Amino acid sequence: MIFLFQACSSDDSPNDENTSKYYFRYKLDGTQIDYPFKPETQINLTGIYEYDSNSESYGMQVFGAANILDSGQTNRLVIYIGNSAEVTTNITYTNIEAPDSTVPDLIFSMGYTDMVKTMFVTSKNIISTQLYKNAKIRYDKISEDNIQGTFSGILSNYDTSTGQPILTKEVIITDGEFNVPRY
């Protein structure tokens, strides 16, 4: 009689999408969106924090995608902050002046691409015509290993084919939270 046993430690098993310490999730017009961490097949959740000595500025980017290998680059969200001072925790960064928040002096950008390749964005309003509505991000943890925080905003899609921006649609992002590996 032969007995065969198979065992594996938790270190040898693939990451369970529901138990990973990394996540990127939010509500899009009230519908929950989750991007599970998939390190075995792709780098679909990322956080980058860099200092550029040429421009003497700091840049912080967080990114989540359902599938980074999707050639259509759909179903993804990216947030980028550019500032001459360090980007730090426990400060709410926003694209529009508001109490208890900070507008980065260089860049605030949040973008989402839906399943049909429609891109929705928000940014700082730098011209007299106010194109963008409020969005915000708050970093709760910035370490060598990961970046964690919360976000929300109203993102817009504009038709610019006439030379003038014409609002076609907006999406509302709420309850956004992330804990992404830092690269």
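Just so you know, all these numbers are worked out from the coordinates, no wet-lab data involved. Computed from a prediction, not measured in an experiment: that's the story for all the values here. Glycine also receives a Cβ, built like all others from the backbone with ideal geometry; neighbour counts cover every protein chain displayed.
Using the Cα gyration tensor of region 37-110, with a ≥ b ≥ c the square roots of its eigenvalues, what is the shape: rounded (a/c below 1.5), prolate (a/b larger than b/c) or oblate (neither)? Can you show the working numbers first?
Details: a/c = 2.43, a/b = 1.80, b/c = 1.35.
Cα axes put region 37-110 in the prolate bin.
Which of rounded, prolate, oblate describes region 23-181, given a ≥ b ≥ c as roots of the alpha-carbon gyration tensor eigenvalues and a/c under 1.5 marking rounded, otherwise prolate only if a/b is larger than b/c?
It comes out oblate by the Cα gyration axes.
How big is the dipole moment of the chain about its Cα centre under a simple scheme where the beta carbon of each Lys and Arg is +1, that of each Asp and Glu is -1, and everything else is neutral? Debye, nearest 20, please.
Details: 13 positive and 23 negative charges, 97 e Å.
The dipole of the chain has a size of about 460 debye.
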